[in-house]
Structure formats: C-alpha cells, structure tokens
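Comments concern the structure below.
The values are calculated or read from the model by the stated rules, or taken from the named source; none is laboratory data. From a predicted model like this one, the values you see are computed outputs, not experimental measurements. Every residue, glycine among them, receives a Cβ derived from its backbone with ideal geometry; neighbour counts consider all protein chains shown.
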Amino acid sequence: MSLLSIKELKTIFNLPNGEIVKAVDGISFKIKQGETLGLIGESGCGKSVTALSIIRLIPKYSGKLNGEIYFNNRNLLELSENEMQSVRGKEIGMIFQEPMTSLNPIMNIGEQISESLIKHLRMSKNSSIDRVLELLQMVGIADGKRRIKDYPHQFSGGQRQRIMIAMALSCEPSLLIADEPTTSLDVTIQAQILELIKELSRNLGLSVLLITHNLGIVARYADNIAVMNKGKIVEYGSCEDVYKNPRHKYTIGLLNSVPRITGPIFKELATIQKEDINEKD
C-alpha cells in the first residue's frame, strides 16, 4: 500500500501580467513505505513546485492546486490549514535546497530544532533539549552539548545541511522530502549527506522523495525514478528499468548527456535536442 499517492496533480500560477503558467501539469506517482523515489529533471521543470504542492506551501493569491494528494489515506488538498499545519513537520519532513537561507540566523540551532518538538509534540523547552542532542548525534554533529548554542553561521555548509536533516526528522515523520539536498556542497560532502539520508531511511523506515538533477545520485540512492520535463512526468518506473530501457526521447537524451570516463577523448558531449523536449507523452 502506498504512503503517498499523487493523481493528476496540477499547480497553476496566475502571473501579474495575466499569463497562466502550468508549473505542474497533471502528474501522478506513488511512494510506498520505506521506498525512495527520485524525481529528476532540469532546472525549472517543476520539481520544487511539486514538493511545495505536496505540503501545500503554494501561495494562495497566485497559485491554484488541482488533483489528489493522498497521504496516509487522506487527501491533503481537502484538509483545513490548521489540519495541514499538523502534517507539515510532524508527518512530512522537508529538507530545502539552501540551508543558510532556510535557517534563522538570529536563533541558535538548539532553539530551531526544538521549535517543532514544542509545537507538534507538546514538549517543554527543557525536555526537548535531550531530543535535540539525540538528533545532533544521529546526524553526525559532534560535541552537541556545546554546539547546541551555536548559530548557523558558525557551521560549515555540510554541517548546516545535517542540521536541516535533524530538523526535518525531529518529529519522526513517515515521509521525507529532500529538495536538492546537496546544492552548493563539494563532492565529498555531497556523498556524506546522501549516505546519511540513505542510512536514516533504512534505520527509521522512512519514505523519501529525493529531488535532484543528477542521474548518478538517483541511480545510487533511489528505488524508483520519475523523469520530469516542462511540468509533466515523461517517464516513470524502477531505476533499473528506466536506465536499461528508457522509452521517452527526453530520458534517452538525459542519459546520453552524462559524460563518460571511457570512449574517445575528444568526442563532443551529447546534448538534448529541442524536438526531444517537445515530444508529446
């Protein structure tokens, strides 16, 4: 049985100039308990908007959601805002792209992690400290008792992302949405963060929606893959099937554009042609 089931989701924005933009255009996919789905596509294809749509953080004044988002047998689009607030953070955790802009610069990290514990789990401020220290240890932040009073600028980029993971997992959600969780990190730190998410997913039984533009990341860390282009999912299936037997021209173009270690040294890199992008589903 699926933990998250999305059916014909559309996210439409009305721009000030009167233009209508279909950022997400009728997509459907499912994520089972303990499964990782890699949502992949180029910048601007609608990946992050999909994530924000799931947790209903699309501005009401400019955006409109249609379709079905079933999570734990409830259609999230039918919940009131108060009901949705209890889902965000508690049942669905999210790691945003840029930890430096997502963390509050004037609150120490202990206060920021304990905030959701106090709100969702009704913990007292004092009792939440033990849980914060446990979370910091879980995500690999050493000397938690001292660092709990430090501010975001006192941590490296990789450490800030670990703090974001701790915040996302603080209330033990069943679904984790990781939106480009390794943006701006060097390759070594990227691998550490992704391995941490994989380990936590396995140990905690987490379902993960892993959003990225990196095919290598999806191949290594996801069970299934959804390829997104221009607001639509153009290919969906297990990583093994999609990588071995891609059917859509856009997917084939993506796979061909990955640089190869072997082969002719001066071979021109493959590019995705306009007709591949515009091909009908």
- Name the single residue, out of those in segment 217-271 being basic (Lys, Arg) and at pLDDT 90 or above, that is farthest from Ser43 (Cα to Cα). Lys244
- Message: Criterion first (modelled with pLDDT of 95 or more and more than 18 Å from Asp179 (Cα to Cα)) does Phe29 satisfy it?
- Response: no
- Message: Which residue is nearest to Thr212 (Cα to Cα), if the candidates are limited to segment 85-102 and must be surrounded by fewer than 16 Cβ atoms within 10 Å (Cβ to Cβ) and in contact (Cβ under 8 Å) with a residue 24 or more places away in the chain?
- Response: Glu98
- Message: Just to check your reading of the model, which residue among Asp130, Asp186 is at pLDDT 90 or above, out of contact with any helix residue (DSSP H, G or I) (no Cβ under 7 Å at 6 or more places or on another chain) and surrounded by fewer than 21 Cβ atoms within 10 Å (Cβ to Cβ)?
- Response: Asp130
- Message: Which of the numbered conditions does Lys7 fail, given that it passes all the others? Conditions: (1) under 22 Å from Lys230 (Cβ atoms); (2) modelled with pLDDT under 95.
- Response: (2)
- Note on the structure: Expected output for segment 12-31 (first residue exposed (fewer than 14 other Cβ atoms within 10 Å of the Cβ), partner among the hydroxyl-bearing types (Ser, Thr, Tyr), Cβ below 9 Å, 6+ apart or cross-chain) is Asn14/Tyr61; Asn14/Ser62; Leu15/Ser62; Pro16/Ser62
- Query: Residues of segment 149-175 being more than 21 Å from the chain's Cα centre (by Cα), touching a residue at least 40 places away in the same chain (Cβ under 8 Å) and surrounded by fewer than 19 Cβ atoms within 10 Å (Cβ to Cβ), which ones?
  - Reply: Lys149, Asp150, Tyr151, His153
- Task: Please find, among Ser62, Ser43, Ser28, the residue that is under 16 Å from the mean Cα position of the chain (by Cα) and of a type in the set (Ser, Thr, Tyr).
- Result: Ser43
- All positions within segment 85-140 that are closer than 22 Å to Ser207 by Cα and among the polar types (S, T, N, Q): Gln85, Ser86, Gln97, Ser116, Gln137
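Can you confirm whether Leu77 is part of a helix (DSSP H, G or I) and surrounded by 15 or more Cβ atoms within 10 Å (Cβ to Cβ)? Steps first, please.
Working: part of a helix (DSSP H, G or I): yes; surrounded by 15 or more Cβ atoms within 10 Å (Cβ to Cβ): yes.
In short, yes.
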